[in-house]
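The values are calculated or read from the model by the stated rules, or taken from the named source; none is laboratory data. Keep in mind the model is a prediction, meaning the values are calculated, not measured. Counting neighbours? That spans all protein chains shown, and the Cβs are built from the backbone with ideal geometry, glycine included.
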Amino acid sequence: MQDTQDTVDVTITLDRWIKEDAEKLFENLGMSLSTAIDSFVREVLRQGKIPFEIFDPFYSDRNQAELRRRIADVEAGGNLTIHELEVEDEDE
């Protein structure tokens with residue numbers, strides 16, 4: 001265990017609502033936001049990677065297939081309208 005004299009302050013920027021919601025959640029889990037962030041960073045260091053999958057719906061298989069289809073259509077001489085450029089969000 002590291003001596004507390006070896007600690008440093010770190011400043012992060014969060015949306016206010018994220019900070020408030022996280023503080024409530026971690027308080028219910030019996031820890032502070034600072035302790036939760038410290039635990040996260042320690043786990044990243046232990047595993048050598050982020051310990052969960054980060055997923056952006058834009059890169060879903062369904063959206064990527066649709067983008068490839070649209071690119072092929074344009075390359076074949078088709079036209080795209082602005083409406084067709086919208087890509088679905090998996091959460092919708």
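Out of the residues in the stretch 70-92 that are surrounded by 10 or more Cβ atoms within 10 Å (Cβ to Cβ) and in a helix (DSSP H, G or I), which is modelled with the lowest pLDDT?
The selected residue is 84.
When you look at residue 23, is it assigned to a helix (DSSP H, G or I), in contact with a helix residue (DSSP H, G or I) (Cβ under 6 Å, 6 or more places away or on another chain), closer than 26 Å to residue 7 by Cα and in the same structural domain as residue 9 (by TED's automatic domain parsing), yes or no?
Yes: the conditions hold for residue 23.
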